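Undergrad: Have a look at the structure that comes next, please.
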Amino acid sequence: MSDLMQDQAPGLTLEGAVATITLRRPRQHNRIAPEDSAVIRQYLTQLETTPGLRLLILTGTGEKTFSSGYTLSAIREQLDSRFEDMLDHIERFALPTLCVLNGSVYGGATDLALCCDFRIGVHGSRMLMPASRIGLHYYPGGLRRYVTVLGLASAKKLFLTAQTISDQEMLRIGFLNDLVAVDELAATVRAYVDGILACESKVIATMKVDLMAMAEGSADEVILRMHYAESLKSPELATRLDAMNKRGQN
């Protein structure tokens, strides 16, 4: 069997300004093992000091499942702060994050996806949050992300009924930003990459922080105004406006 089909820890690849973390246990539906939390956090720490990096992509191996979530047999003894800390680290990662769901998503992997800024899914995929079915009261950070991103009504349905939902409902409730055919996935990812790379990185960083603070109700008006004022005086704005004026696009 080729190395690509062997179950192993998440991998990291760098291609220009884009980093990709890939879940690599296709025979186990890309489950997240307890030790994977430390691996992913190590990658995140490394990427935080990688020069020229502009975007982080998270995806899975294969064409059926993005991830089946946290290893069920480890929930009672090993579902500890390591997993939550890893998810919070992704959520607070300074650069834009894009979750490319190559298939269905279950359990804790749904929260992994919600930690990302954008989520692209493929037709035929499904989503399930089985916490209440197995008797698990979900951890606070995950509950917060569900409510913040999806809204209270959708969070209640997913947590309190443990129903599987379709790809169309995943799109409707805002779990997915885009739903595409498998053969359109690469082009859709490329469009996100090109869009992000065309934007000013400093502004993206401050706006991501401010948007998240607003969503959580913790935004500071002074900081918001400071970021706005700094951008007005920035050489990057002046350079981009001059370039647009020269092209006659003002």
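Undergrad: Within the range 200-230, restricting attention to residues that are more than 19 Å from the chain's Cα centre (by Cα) and either closer than 20 Å to residue 52 by Cα or among the acidic types (Asp, Glu) (or both), which residue is surrounded by the most Cβ atoms within 10 Å (Cβ to Cβ)?
TA: Quick first cut of the range 200-230, residues more than 19 Å from the chain's Cα centre (by Cα) only: 200, 202-203, 217-230.
Among the residues that remain, those that are also either closer than 20 Å to residue 52 by Cα or among the acidic types (Asp, Glu) (or both) are: 200, 202-203, 220-221, 230.
Working: 200: 15, 202: 14, 203: 17, 220: 10, 221: 7, 230: 13.
The qualifying residue surrounded by the most Cβ atoms within 10 Å (Cβ to Cβ) is 203.
Undergrad: Here are the criteria: (1) outside any helix (DSSP H, G or I); (2) in the same structural domain as residue 107 (by TED's automatic domain parsing); (3) small (Gly, Ala, Ser). Tell me which single one residue 217 does not satisfy.
TA: (2)
Undergrad: Going residue by residue through the range 131-139, is there one that turns out to be at pLDDT 95 or above, surrounded by 17 or more Cβ atoms within 10 Å (Cβ to Cβ) and either in a helix (DSSP H, G or I) or of a type in the set (Val, Ile, Thr) (or both)?
TA: No: the range 131-139 contains no residue that is at pLDDT 95 or above, surrounded by 17 or more Cβ atoms within 10 Å (Cβ to Cβ) and either in a helix (DSSP H, G or I) or of a type in the set (Val, Ile, Thr) (or both).
Undergrad: Name the residues in the range 22-40 that are hydroxyl-bearing (Ser, Thr, Tyr) and crowded, with 19+ Cβ neighbours inside 10 Å, would you?
TA: Here is the first cut: in the range 22-40, the ones hydroxyl-bearing (Ser, Thr, Tyr) are 22, 37.
Answer for the range 22-40, where residues must be hydroxyl-bearing (Ser, Thr, Tyr) and crowded, with 19+ Cβ neighbours inside 10 Å: just 37.
Undergrad: Given the conditions (1) under 11 Å from the mean Cα position of the chain (by Cα); (2) part of a loop (DSSP other than H, G, I, E, B), report the number of the one that residue 111 does not fulfil.
TA: (2)
Undergrad: Let me ask something else about it. Working only within the range 169-195, note down all residues that are over 13 Å from residue 102 (Cβ atoms), surrounded by 14 or more Cβ atoms within 10 Å (Cβ to Cβ) and charged (D, E, K, R).
TA: 169, 178
Undergrad: I need the full set of residues from the range 177-218 which are under 18 Å from residue 63 (Cα atoms), touching a Ser or Thr at 6+ places or on another chain (Cβ under 9 Å) and hydrophobic (A, V, I, L, M, F, W, C), in order please. So that I can check it myself, show each step before the final result.
TA: Residues of the range 177-218 that are under 18 Å from residue 63 (Cα atoms), as a first pass: 178-189.
Narrowing further to those that are touching a Ser or Thr at 6+ places or on another chain (Cβ under 9 Å): 178-180, 189.
Hits for the range 177-218 are 179, 180, 189.
Undergrad: Scan the range 3-21 for residues that are exposed (fewer than 13 other Cβ atoms within 10 Å of the Cβ) and hydroxyl-bearing (Ser, Thr, Tyr) and jot them down.
TA: Across the range 3-21, the qualifying residue is only 13.
Undergrad: Take residue 56 and tell me if it is out of contact with any Gly (no Cβ under 6 Å at 6 or more places or on another chain), of a type outside the set (Asp, Glu) and assigned to a strand (DSSP E or B).
TA: Values: out of contact with any Gly (no Cβ under 6 Å at 6 or more places or on another chain): yes; of a type outside the set (Asp, Glu): yes; assigned to a strand (DSSP E or B): yes.
So residue 56 fits the description; yes.
Undergrad: Oh, and also: Assess whether residue 147 counts as being surrounded by 15 or more Cβ atoms within 10 Å (Cβ to Cβ) and assigned to a helix (DSSP H, G or I).
TA: Values: surrounded by 15 or more Cβ atoms within 10 Å (Cβ to Cβ): yes; assigned to a helix (DSSP H, G or I): yes.
For residue 147, the condition - surrounded by 15 or more Cβ atoms within 10 Å (Cβ to Cβ) and assigned to a helix (DSSP H, G or I) - is met.
Undergrad: Please state which of the following conditions residue 105 fails to meet, knowing it meets all the rest: (1) assigned to a helix (DSSP H, G or I); (2) under 17 Å from residue 31 (Cβ atoms); (3) of a type in the set (A, V, I, L, M).
TA: Every listed condition holds for residue 105 apart from (1).
Undergrad: Still on this model: Residues in the range 231-241 that are loosely packed, with under 10 Cβ neighbours inside 10 Å and in a helix (DSSP H, G or I): how many?
TA: Narrowing the range 231-241 to residues loosely packed, with under 10 Cβ neighbours inside 10 Å: 232-233, 235.
Applying the additional criterion that residues be in a helix (DSSP H, G or I) yields 232, 235.
Result for the range 231-241: 2.
Undergrad: Still on this structure, please answer the following. Could you count how many residues in the range 13-53 are at pLDDT below 95 and part of a strand (DSSP E or B)?
TA: Final tally of qualifying residues: 1.
The values are calculated or read from the model by the stated rules, or taken from the named source; none is laboratory data. Nothing here was measured: the structure is a model prediction, and the numbers come from that model. Glycine also receives a Cβ, built like all others from the backbone with ideal geometry; neighbour counts cover every protein chain displayed.
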